[in-house]
Amino acid sequence: MKRLVSMTVNGEEIELAIPPYRTLLDVLRNEGRLTGTKKGCDVGDCGACTVIMDGSPVNSCLVLGIEAEGATIETIEGQHAGPDLPHLIQEKFMDHGGAQCGFCTPGIIMMTKALLKENPNPTESEVRFAIAGNICRCTGYAKIVDAVLAAAEDLRKGRTL
Amino acid sequence: MTIHQKPHTQDNLEDGKRQFSVVGKSVRRTDTFEKVTGLGKYSGDIELPGLLYGKMKRSDIAHALIKNIDVSKALALKGVKAVLTHRDVPRILHYGSPHPRSASCTRDQYILDDRVRYWGEGVAAVAAESEEIAEEALRLIHVEYEPLPAVFTVADALKPEAPLIHDNGLDKNNVMPPVVIRRGDVEKGFAEADLILENEYVLGRPVPGYMEPNVCACQWDGNGKLTIWSSTQTAFMVRGILAEVLGVPYNKVRVIVDHMGGGFGAKQDLFQHEFLCALLARQTGRPVRMEFTRKETFLGGRTRHSGKIRLKQGFKADGTITARHARIVLDGGAYGSHSPGVTTVGTSALTSLYRCENVDLEGRAIYTNTPIAGAFRGYGVVQTYFALDLQMDEAAERLGIDPAELRLRNAVRTGDLAPSDHPVVGHGLEACIRRGLDEVDWKAARAATAAQPGGVKRRGWGIGCEMHGSSAYPGIKEQGNAIVKMNEDGTVTLLTGTAGLGTGAHTALSQIVAEEIGIPFSAVQVVTGDTDIVPWDIGAFASHTTYMGGRAAQIAAAEVRRQVLEQAAPLLEAAPEKLAIREGIIHVEGANRSISLKEVVSPKRGMPAAQIVGVGTYSPTKSYSFAAHFAEVEVDTETGEVAVLQVVPVHDLGKVIHPIAAAGQIEGGIQQGIGHTLSEDYVIDLTNGRSLNPSFVDYKMPLSMDMPPIRTIILEAAPDPGGPFGAKGVGEDPIIAIGPAITNAIYDAIGIRFRHYPITPEQVLNALRAKQKEAA
């Protein structure tokens, strides 16, 4: 039995017919055809599936699709303004080498956005704490932290999220 | 990050005055916009109409014969489209890793066998309308096993009564004949020694932990051609082995790898699901996707080889090493995979790094009923240099020589015979050690740790060194190929078969092409990852992509430049050798005449453009990169916890193509190395072979808060004539030196020598207590 669920994803209201047991992650990837959100573990250990739900970062593998009824969801696909027009955080990840294989990147960028919304002036340890639930196996985190701090610096110079 | 450049001196490395316009700059990577926006398509993201979902039933016993498999209930479940067992698939013995007929890997696997040899081996596969139905179907498959005696350690596998896991004609459970290397006269060497050290080193079982679980999707077209999207490092190898096992010609298998979420060596292997996915798709006539769960990446993935190394060395009072004797025994797991290659590379590495004329080395890999050990970054050298560099530290102390000084005295130098039997090029190791000593002010740092007052938290500094070859030569004679096409608007298309694991290699190759032709980086587009389109490549491994694939691209680009200049010469009324291309403009050297490249290659009125294509083929021998790592640790003597406070890695890469990408490799390698040294160990229940920690919660990798500051220093001290502009590999190097650096730093902090990894807080605490007792 499928159920109809409506939610706002990246500013667009959508209605999807989904099985009630399906996670938000699988719903976004399958029914929502938004495959930018990644499945690294499916049990909440790795953070690759991080999206922003009603303003808060969540592991979308730990939320059922039907729980997102009426919710506002932001995913990685909704961040850039167009071809060659990256979001501020995306731009910094590109310039600082924050993405290697790129599989953890969407989740970390969404987590970064949630962090910077709450705290536009984080210290390095606050950045490390914020992404502690996001596993990256390629970078050693150094360039990710650089990218987040650089984005924060630009925010202070007047750029917006 | 610091880059120290010095002019090249060798003829084939260009002249020392060359100014680089693209190489050596951290241009924006070609793959990065798609990655940060989520637009990039990984193999699991491909949308295929009518897709079925495949799942694998895995054994819950480590060693058994399959007496019967009842799939009737699974087949009866609504939505299930096919079930395959060993009775339904071709029974063809194949190589575990798809380097066909290579000496580096074994040929000991079937797609599905009537016998399982480790806990978690695939025994059946299902295709269904949804993932959930496929999972339900797995539960409905009933397998009847006849248990066989099983062995979970090398020691047990070597006992006379141990079961034979593979009947390969060798002594009890040996994966391959022992690797034996003898040079000089070790007996004489030991007789001349003033100090002899002999220790045993015990190695844990880390896993690569790539973020993208193994995944593939398969689709057959009406003409019987298979397209497979797979997360693999070796697309052409996958094509070859799939074609052979499935009985179709190579031109009816197309392997596509666009973006890939890491591999670290392990995704060189061909896994059961890749065959099964193709077979399920053929049987159902629909596309099928099979994706590992995270747990399956542990069960059915590949680990680093655990094992033991007994190392004995003789030293003269001045630090000269007079003899080296080593016995290396690695646990290969249930199938051979890369065991022969790992054992050979790891064993032969002990002929070098620190000079020694008299060596007697023997390496073996043994089958056990545990998960398969395969290729993983560092490929045997992580293990043997851990032993070697720990013993160097111990020898330094016993001889009263500073540990860094002892390494300098013995460091491999230009002209020495490398593990691959080639002469080493340059004094890269010495340069790395010296630069690091300056950077950390070694003498002062060590004096400070020696002078620290007794307290709960104690600090220490340690050093670790390594050298690692770019390319798998001589185990495999490799080849890289590239095609560079000039388009009629002056832009260039590079076709390369190299795989993009996430290292930035395709960007580096594009930079090399732009530099070689003399055009801006933005004028190069790179086409990758489709075996129907790009030229053959052996795959991304052995730290060779930039070195080998880059050199092939450079050769192809040089040919394009030659043809362009040939076209331009009559227009500029100058001989081609008098012309140079800079930023897309062709200049007559010494004269004030120029023409844009675009003008030369664009079609003229009523005339087609010239067809300008360069093909580059490169079969390298080998070059060696070097590194010295310096680490500071703090040991909490009340909890046993070891915190790495800072790492200063100094790497010689010959010539750095993309500094940020190279530094990213180094920093990521250090992360994985800190992991296997302090916390990562994939644990097997020694009573039944079951995996005890197959998840990211129970398998502890260093995360953002565990990672120390890293001050990466890249040297261009020893450019290699075999690489593009002198460039050498970097992928594997950083994971090798960090373990010894940390372990030696722990000794500096608390005076306890650990001779194993991982070194867990519990072990540190126990050792501290034992030491206290001893002192009392």
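When B:Gln452 is tested against the conditions (1) crowded, with 24+ Cβ neighbours inside 10 Å; (2) away from every other protein chain (no Cβ under 14 Å), the lone failure is (1). May I ask you to list the residues in the range B:647-669 that are within 14 Å of another protein chain (Cβ to nearest Cβ) and in a loop (DSSP other than H, G, I, E, B)? Those that are within 14 Å of another protein chain (Cβ to nearest Cβ) and in a loop (DSSP other than H, G, I, E, B): B:Val656, B:Ile657, B:His658.
Residue by residue, here is whether (1) in a loop (DSSP other than H, G, I, E, B); (2) in contact with a Ser or Thr (Cβ under 8 Å, 6 or more places away or on another chain); (3) closer than 30 Å to B:Ala542 by Cα holds:
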residue	(1), (2), (3)
B:Ser97	yes, yes, yes
B:Asp113	yes, no, no
B:Gly120	yes, yes, yes
B:Val123	no, yes, no
B:Glu132	no, no, no
B:Glu135	no, no, no
B:Leu138	no, no, no
B:Val143	no, yes, no
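None of B:Glu274, B:Glu291 is surrounded by fewer than 24 Cβ atoms within 10 Å (Cβ to Cβ), under 29 Å from A:Asp45 (Cα atoms) and either in contact with a strand residue (DSSP E or B) (Cβ under 9 Å, 6 or more places away or on another chain) or without any contact (Cβ under 8 Å) to a residue 40 or more places away in the chain (or both) except B:Glu291.
For B:Leu429, state whether it is at pLDDT below 95, under 30 Å from the mean Cα position of the chain (by Cα) and either under 23 Å from B:Glu732 (Cβ atoms) or surrounded by fewer than 17 Cβ atoms within 10 Å (Cβ to Cβ) (or both).
Values: at pLDDT below 95: no; under 30 Å from the mean Cα position of the chain (by Cα): yes; either under 23 Å from B:Glu732 (Cβ atoms) or surrounded by fewer than 17 Cβ atoms within 10 Å (Cβ to Cβ) (or both): yes.
Spelling it out, it is not the case that B:Leu429 is at pLDDT below 95, under 30 Å from the mean Cα position of the chain (by Cα) and either under 23 Å from B:Glu732 (Cβ atoms) or surrounded by fewer than 17 Cβ atoms within 10 Å (Cβ to Cβ) (or both).
Might you check whether a residue that is of a type outside the set (Lys, Arg) and touching a Lys or Arg at 6+ places or on another chain (Cβ under 8 Å) occurs anywhere in the range A:123-134? If you could, list the steps in order and put the result at the bottom.
Applying the first criterion (of a type outside the set (Lys, Arg)) to the range A:123-134 yields A:123-127, A:129-134.
Then drop every residue that is not touching a Lys or Arg at 6+ places or on another chain (Cβ under 8 Å), which leaves none.
No, that holds for no residue.
Every condition in (1) surrounded by fewer than 24 Cβ atoms within 10 Å (Cβ to Cβ); (2) without any contact (Cβ under 8 Å) to a residue 24 or more places away in the chain holds for A:Val9 except the one numbered (2).
Considering the range B:207-226 alone, what residues qualify as being in contact (Cβ under 8 Å) with a residue 40 or more places away in the chain, of a type in the set (S, T, N, Q) and assigned to a loop (DSSP other than H, G, I, E, B)? Give the derivation first.
Step one: of the range B:207-226, the residues in contact (Cβ under 8 Å) with a residue 40 or more places away in the chain are B:207-220, B:226.
Next, only the ones that are of a type in the set (S, T, N, Q) stay: B:214, B:219.
Residue satisfying the conditions is B:Asn214 alone.
Screening B:Pro721 with (1) in a loop (DSSP other than H, G, I, E, B); (2) surrounded by 24 or more Cβ atoms within 10 Å (Cβ to Cβ) gives one miss only, at (2). Pairs meeting the criteria (first residue in the range A:68-81 and farther than 15 Å from A:Ala114 by Cβ and not assigned by TED's automatic domain parsing to the domain that holds A:Gly102, second residue basic (Lys, Arg) and surrounded by fewer than 20 Cβ atoms within 10 Å (Cβ to Cβ), beta carbons under 9 Å, at least 6 apart or on different chains) are A:Glu69/A:Arg3. Screening the candidates B:Tyr682, B:Tyr699 for the property of being touching a Ser or Thr at 6+ places or on another chain (Cβ under 6 Å), crowded, with 22+ Cβ neighbours inside 10 Å and not aliphatic (A, V, I, L, M) yields one hit, B:Tyr682. In the set (1) out of contact with any helix residue (DSSP H, G or I) (no Cβ under 8 Å at 6 or more places or on another chain); (2) touching a residue at least 60 places away in the same chain (Cβ under 8 Å); (3) of a type outside the set (Asp, Glu), B:Ile433 fails one condition alone, (1). Filter the range B:146-166 down to residues that are out of contact with any Ser or Thr (no Cβ under 8 Å at 6 or more places or on another chain), in contact (Cβ under 8 Å) with a residue 24 or more places away in the chain and either among the basic types (Lys, Arg) or not in a strand (DSSP E or B) (or both), then give me how many there are. Looking only at that region, the number is 6. For the range B:749-771, a residue qualifies if it is part of a loop (DSSP other than H, G, I, E, B) and surrounded by 14 or more Cβ atoms within 10 Å (Cβ to Cβ), and the qualifying residues are B:Ile752, B:Arg753, B:Phe754, B:Arg755, B:Pro758, B:Ile759, B:Thr760.
With touching a strand residue (DSSP E or B) at 6+ places or on another chain (Cβ under 9 Å), in a strand (DSSP E or B) and either at pLDDT 95 or above or within 14 Å of chain A (Cβ to nearest Cβ) (or both) as the only criterion, which of B:His468, B:His506 stands out?
B:His468
If only residues of the range B:180-194 that are farther than 8 Å from B:Thr322 by Cβ and of a type in the set (A, V, I, L, M, F, W, C) are counted, the one that is surrounded by the most Cβ atoms within 10 Å (Cβ to Cβ) is B:Val186. Considering B:Val440, B:Val484, B:Val424, B:Val492, the condition of being modelled with pLDDT under 95 and touching a strand residue (DSSP E or B) at 6+ places or on another chain (Cβ under 7 Å) is satisfied by B:Val424 alone. Which pairs turn up if I take residues in the range B:491-517 that are touching a residue at least 12 places away in the same chain (Cβ under 8 Å) and look for partners that are part of a helix (DSSP H, G or I) and among the charged types (D, E, K, R) with beta carbon separation below 7 Å, at least 6 apart in sequence or on another chain? Listed by first residue and then by second, the contacts come to B:Glu516/B:Arg561; B:Ile517/B:Arg561. Looking at this structure, is B:Ile69 outside any strand (DSSP E or B) and among the aliphatic types (A, V, I, L, M)? Answer is no for this residue.
Quick grid of which residues meet (1) free of Cβ contacts under 8 Å to residues at least 40 places away in the same chain; (2) touching a His at 6+ places or on another chain (Cβ under 7 Å); (3) within 14 Å of chain A (Cβ to nearest Cβ); (4) polar (S, T, N, Q):
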{"residue": "B:Gly40", "(1), (2), (3), (4)": "no, yes, yes, no"}
{"residue": "B:Gly50", "(1), (2), (3), (4)": "no, no, yes, no"}
{"residue": "B:Ile61", "(1), (2), (3), (4)": "no, no, no, no"}
{"residue": "B:Asp70", "(1), (2), (3), (4)": "no, yes, no, no"}
{"residue": "B:Lys73", "(1), (2), (3), (4)": "no, no, no, no"}
{"residue": "B:Leu84", "(1), (2), (3), (4)": "no, no, no, no"}
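Considering only residues that are in contact with a Ser or Thr (Cβ under 8 Å, 6 or more places away or on another chain) and assigned to a loop (DSSP other than H, G, I, E, B), look in the range B:587-646 and name the one that is nearest to B:Ala552 (Cα to Cα). Break it down into steps so the answer makes sense when it comes.
Let us first name the residues in the range B:587-646 that are in contact with a Ser or Thr (Cβ under 8 Å, 6 or more places away or on another chain), namely B:587-588, B:609, B:620-625, B:640.
Filter once more, so that each one left must be assigned to a loop (DSSP other than H, G, I, E, B): B:609, B:620-622, B:640.
Working: B:Ala609: 25, B:Pro620: 10, B:Thr621: 13, B:Lys622: 14, B:Gly640: 50 Å.
Out of the qualifying residues, it is B:Pro620.
Hey, does the range B:670-693 have a residue that's among the basic types (Lys, Arg) and either within 14 Å of another protein chain (Cβ to nearest Cβ) or closer than 15 Å to B:Ile735 by Cβ (or both)? No, that holds for no residue. Where helices (runs of 4 or more DSSP H) sit wholly within the range A:70-161, those with at least 3 residues that are more than 10 Å from chain B (Cβ to nearest Cβ), surrounded by fewer than 22 Cβ atoms within 10 Å (Cβ to Cβ) and over 18 Å from the mean Cα position of the chain (by Cα) occupy A:142-156.
Could you please let me know if B:Val642 is within 14 Å of chain A (Cβ to nearest Cβ), hydrophobic (A, V, I, L, M, F, W, C) and within 30 Å of B:Tyr201 (Cβ to Cβ)?
Working: within 14 Å of chain A (Cβ to nearest Cβ): no; hydrophobic (A, V, I, L, M, F, W, C): yes; within 30 Å of B:Tyr201 (Cβ to Cβ): yes.
Judged against the criteria, B:Val642 is not a match.
Given the criterion in contact with a helix residue (DSSP H, G or I) (Cβ under 7 Å, 6 or more places away or on another chain) and crowded, with 24+ Cβ neighbours inside 10 Å, identify the matching residue among B:Ala124, B:Ala103, B:Ala137. Reasoning before the result, please.
Details: B:Ala124 fails: in contact with a helix residue (DSSP H, G or I) (Cβ under 7 Å, 6 or more places away or on another chain); B:Ala103 fails: crowded, with 24+ Cβ neighbours inside 10 Å.
That would be B:Ala137, the only listed residue that is in contact with a helix residue (DSSP H, G or I) (Cβ under 7 Å, 6 or more places away or on another chain) and crowded, with 24+ Cβ neighbours inside 10 Å.
The values are calculated or read from the model by the stated rules, or taken from the named source; none is laboratory data. Values in this document were obtained by computation on a predicted structure and should not be read as measured data. Every residue, glycine as well, gets a Cβ built from its backbone with ideal geometry; the counts of neighbours run over all protein chains shown.
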